[in-house]
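Since every read-out is calculated from the coordinates, none of them should be taken as a lab result. Just so it is clear, the structure is predicted and the values come from calculations on it, not from any experiment. Positions of Cβ are backbone-derived with ideal geometry, glycine not excepted, and every protein chain shown enters the neighbour counts.
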Amino acid sequence: MSSTLLPNWTSGQWQVGQGSGTPLFDPVKGSELVRVDATGLDLPGAFRYAREVGGAALRSMTYAQRAAMLAEVGKVLQANRDAYYEISTANSGTVKNDTAVDVDGGMFTLGMYAKLGASLGDRHFLLDGEPARLGKDPLFQSQHVMTPRHGVALFINAFNFPSWGLWEKAGPALLSGMPIIVKPATATAWLTQRMVQDVIDAGVVPPGAISIICGSSNGLLEQLLAFDVVSFTGSADTAQIIRSHPNVVRHSVRTNIEADSINSAMLLPGHDASSAAFDLLVKEVAREMTIKSGQKCTAIRRVFVPAALMDAAAQAISARLAKTTVGDPRVEGVRMGAVVSRAQKQSVLEGIAQLSQVADKVFDGSQQPLVEAAADSCCVAPTLLAARDAHADTLHDVEVFGPVATLVPYTSETEALQLIQRGQGSLVASVYGEDAAALAKTAIALAPFHGRVHVLSPDVAAMNTGHGNVMPQSLHGGPGRAGGGEELGGLRALNFYHQRSAIQASTESLNHFTA
Ligand code: NAP
């Protein structure tokens, strides 16, 4: 007998697909959990309903009212948190700390937008900058305004953040007054579906504000119109399909892409293995490799250290990784669970094999037994490699989406910066040192190639939010290979969901905007 088919929520109704569904699995035990299916849904009707019913309802509210709505959504999620932890453990194979990054991280981000939104007050549009004179006298001026877009925001999300991936986008979109339709990645769609179901059942958002379609993405992009937006998180290959989709191109649909990224960590020259900066790097690399089994788009993949410190760094990071027990996340003491699916496990193992052509394994966790998990489960132990040739293309081209990182030696800071750039644009780089001026100089040198630079010195070690942890106050996204997108960054996130227009008018008319 097949498992429960999860219903989709579109056009104000719960509807199951007409097909037999795609099964979702427990990546540790291998058992089937639930099924998803979107066959036969009336997609034109679903998009129309979201745009017309959801859009009108949201736009009739002020920013402060929509912020209060986000706070209510947060309360519903908080009340059901235990169920989300259970689903996450079962479907994503995550230990509690890793579940927290997704579940609590999503709620925290939503809560931040509720707070930011309250500060915008009882307005229906936003001003962008000050009026600019168009002539000698100040009677006729140009004022830029931001108005909510009259469309729907389609989210196509990745498997690794079924909660955070939804709420980090939904917070800014709903606050802006745009209805959303989310299509979660199939492998982990259950958590997203359950969260949306709880919010809908609680009646805290107006009809049409949130819709969810689980299963295939077939037909979704065909529905997009001129004032819609699509926000995609996933692989560079799928990103290319979305960006070049004829309907997206025809209607100039606004697109945000968050794709893959070969993120770096760099220890500045002039620190030896006994330094506090070296210690910070070691801790952060080991942590980044193992949080969510390395399935974070922001995780450290390349670790740049002065050539003389390669052995010391390999030993220190390996000593930490050796303490990472891997296995069934339900078992007390297990620090790292599984990757999400057999396909991901295969992809990680192939990635390690590719890296091994240009790097040596200096820590191979697969030599240690798994805790209460079968060898054919989706558990993958951490692997640390050391590059034989810092300039080998594979190091800078291959993203292994699992608990894997490579140490790369450098001989000068200039060389390190050039090698980091070979990632072709990344989400984040972190830099470790003790000299504030040197750190600041390196941060600015890294900035053009990254969406975020995380600077870590001993004085802020206790406050460290983490290289890979995406904070809603800071921008998330990166140039080039990382997709060229921009999310979060406080109220900057609202730009994507608004139309910016210049209003040229008399100063007297413009004064009405602030009234
Ligand atoms: P993926 O295979 O590209 O899938 C992402 C989403 O696209 C899923 O919802 C998928 O649906 C959907 N999709 C697949 N083919 C499609 C098509 N032809 N048209 C429209 N939608 C389509 O990526 P993934 O394997 O889930 O995610 C892993 C990747 O995401 C990694 O490379 C990681 O670096 C990146 N990532 C980036 C960020 C970031 O913020 N920059 C965050 C997380 C992950 P199905 O699941 O139903 O196939």
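So what's the net charge close to Ile181: Lys and Arg +1, Asp and Glu -1, counting the other residues with Cβ under 10 Å from its Cβ? Before the final figure, lay out each step's value.
Numbers: positive: Arg51, Lys183; negative: Asp228.
With Lys, Arg at +1 and Asp, Glu at -1, the net is +1.
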Exercise. Mind listing the phi-derived Karplus ³J(HN,Hα) values for the range 208-218, rounded to whole Hz, using 6.51, -1.76 and 1.60 with θ = phi - 60°, and x for any glycine or proline?
Worked result: x, 6, 10, 10, 9, 10, 9, x, 5, 8, 3
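I need Thr147, Thr186 ordered by Cβ neighbour count within 10 Å, fewest first. List each step's numbers first, then the result.
Details: Thr147 15, Thr186 20.
Fewest-to-most ranking of Thr147, Thr186: Thr147, Thr186.
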Problem set entry | Under 15 Å, Cβ to Cβ, from Asn464 - net charge with Lys/Arg +1 and Asp/Glu -1 | -2
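Antiparallel as a % of all DSSP beta bridges within the chain, to the nearest 5?
Beta bridges within the chain, antiparallel portion: roughly 40 percent.
Counting other beta carbons within 10 Å of each Cβ, put Trp167, Trp14, Trp190 in order, fewest first.
Values: Trp167 29, Trp14 13, Trp190 25.
So the residues, fewest neighbours to most, are Trp14, Trp190, Trp167.
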Seminar exercise, completed: Treating only Lys and Arg (+1) and Asp and Glu (-1) as charged, each at its beta carbon, one finds that the chain has a dipole about its Cα centre, in Debye to the nearest 20, of 900
For this session: Putting +1 on Lys and Arg Cβ atoms and -1 on Asp and Glu Cβ atoms, find which of Gln357, Ala493, Phe108 reaches farthest to the positive end of the dipole of the chain.
Result: Ala493
For this session: Taking the Cβ of Ala90 as the centre, find all other residues whose Cβ is under 12 Å away and add up their charges (Lys, Arg: +1; Asp, Glu: -1).
Result: -1
Problem set entry | Order of Asp102, Asp198 - criterion: other Cβ atoms within 10 Å of each residue's Cβ, fewest first | Asp198, Asp102
For this session: Round to a whole angstrom and tell me the spacing of the C-alpha centers of the range 45-112 and the range 230-268.
Result: 23
Seminar exercise, completed: Semi-axes a, b, c in Å (a largest) for the range 152-201, each sqrt of 5 times a Cα gyration tensor eigenvalue, come to 17, 12, 9
Exercise. So, in Å, what gap is there between the alpha-carbon centers of the range 443-486 and the range 270-306?
Worked result: 14
For this session: Using the charge dipole of the range 329-470 (Lys, Arg: +1 at Cβ; Asp, Glu: -1 at Cβ; taken about the Cα centre), state which of Pro458, Leu370, Gln424 has its Cα farthest towards the positive end.
Result: Leu370
Problem set entry | Charge dipole magnitude, Cβ of K and R +1, D and E -1 - the range 1-156, Cα centre, debye nearest 20 | 460
Exercise. What list of ³J(HN,Hα) values in whole Hz, one per residue of the range 277-285 in order, does the Karplus curve 6.51 cos²θ - 1.76 cosθ + 1.60 (θ = phi - 60°) give from phi, with Gly and Pro shown as x?
Worked result: 5, 4, 4, 4, 4, 4, 4, 5, 5
For this session: Can you find, among Thr186, Ala173, Phe161, the residue farthest towards the positive end of the dipole of the chain? Put +1 on the C-beta of Lys and Arg, -1 on that of Asp and Glu.
Result: Ala173
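Based on the Cα coordinates of the chain, what is the per residue volume of their convex hull in Å³? Write down the numbers at each step before the final one.
Values: hull volume 81.0 nm³, N = 515.
Value for the chain: 157 Å³ per residue.
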Exercise. Amide H to amide H, which residues 5 or more places from Tyr410 or on other chains are under 5 Å from it, using H placed in the peptide plane?
Worked result: Val305, Ala307
